[in-house]
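One structure below.
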Amino acid sequence: QVQLVESGGGLVQPGGSLTLSCAASGSIFRIYNMDWYRQAPGKQRELVATITNMGSPIYADSMKGRFTISRDNAKNTVYLRMNSLESEDTAVYSCHARIATLGGIGSSDYWGQGTQVTVSS
């Protein structure tokens, strides 16, 4: 079995910063792309950023310049550094990964449980 566990969410003032972490654990053979998504109240889930297994980041246009995605393959962990946070960034942030498991066939999608980020004064 594979689990993704996020941490680092919370309440932050406008203009502040947060770093989210998502650690994958379990019977992991290989992790391919890792992503961060977010869903604000009343809105559809949207992709924030993706990072390939080689470490190449891809950002949604609205996130460029403020958010930075990175990963530590030795720790099976992906990070999202968020700067200059705005009230519009308030959402549940979830990580996703495409993972091949030990003894498995092919790869599957795995999701974390989500972590709340609230930007408010």
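The values are calculated or read from the model by the stated rules, or taken from the named source; none is laboratory data. It should be emphasised that the depicted structure is a prediction, and the values quoted were computed from it without experimental measurement. No Cβ is skipped: glycine too gets one built from the backbone with ideal geometry, and neighbour counts run over all protein chains shown. Each accessible area value is taken on the protein alone, full model and side chains, heavy atoms only, with ligands, DNA and RNA left out. Shrake-Rupley method; radii C 1.70, N 1.55, O 1.52, S 1.80 Å.
A few points about this structure:
- Count - residues of the range 1-16 that are open to solvent by 50 Å² or more (accessible area, probe 1.4 Å), among the aliphatic types (A, V, I, L, M) and within 15 Å of the chain's Cα centre (by Cα): 1
- Residue check, residue 105 over 19 Å from residue 8 (Cα atoms), more than 12 Å from the chain's Cα centre (by Cα) and without any contact (Cβ under 8 Å) to a residue 12 or more places away in the chain: yes
- Residues satisfying the stated conditions in the range 23-41, i.e. under 22 Å from residue 86 (Cβ atoms) and either in contact with a Leu (Cβ under 9 Å, 6 or more places away or on another chain) or at pLDDT 95 or above (or both): 35, 36, 37, 38, 39, 40
- In the set (1) more than 15 Å from residue 9 (Cα to Cα); (2) out of contact with any helix residue (DSSP H, G or I) (no Cβ under 8 Å at 6 or more places or on another chain); (3) open to solvent by 50 Å² or more (accessible area, probe 1.4 Å), the condition left unmet by residue 113 is number (1).
- Residue 53 meets the stated requirement of being closer than 17 Å to residue 4 by Cβ and part of a loop (DSSP other than H, G, I, E, B).
- For the range 100-121, a residue qualifies if it is in contact with a Ser or Thr (Cβ under 9 Å, 6 or more places away or on another chain) and within 12 Å of residue 22 (Cβ to Cβ), and the qualifying residues are 111, 112, 113, 114, 115.
- Hits in the range 17-76 (condition: open to solvent by 80 Å² or more (accessible area, probe 1.4 Å), touching a residue at least 12 places away in the same chain (Cβ under 8 Å) and among the polar types (S, T, N, Q)): 39, 73
- Complete set of residues in the range 77-93 that are open to solvent by 10 Å² or more (accessible area, probe 1.4 Å) and closer than 18 Å to residue 11 by Cβ: 81, 83, 84, 86, 87, 88, 90, 92
- Residue 97 open to solvent by less than 70 Å² (accessible area, probe 1.4 Å) and farther than 13 Å from residue 8 by Cα: yes
- Among the residues of the range 80-121, those that are among the aromatic types (Phe, Trp, Tyr) and either assigned to a helix (DSSP H, G or I) or in contact with a Phe, Trp or Tyr (Cβ under 9 Å, 6 or more places away or on another chain) (or both) comprise 93, 111.
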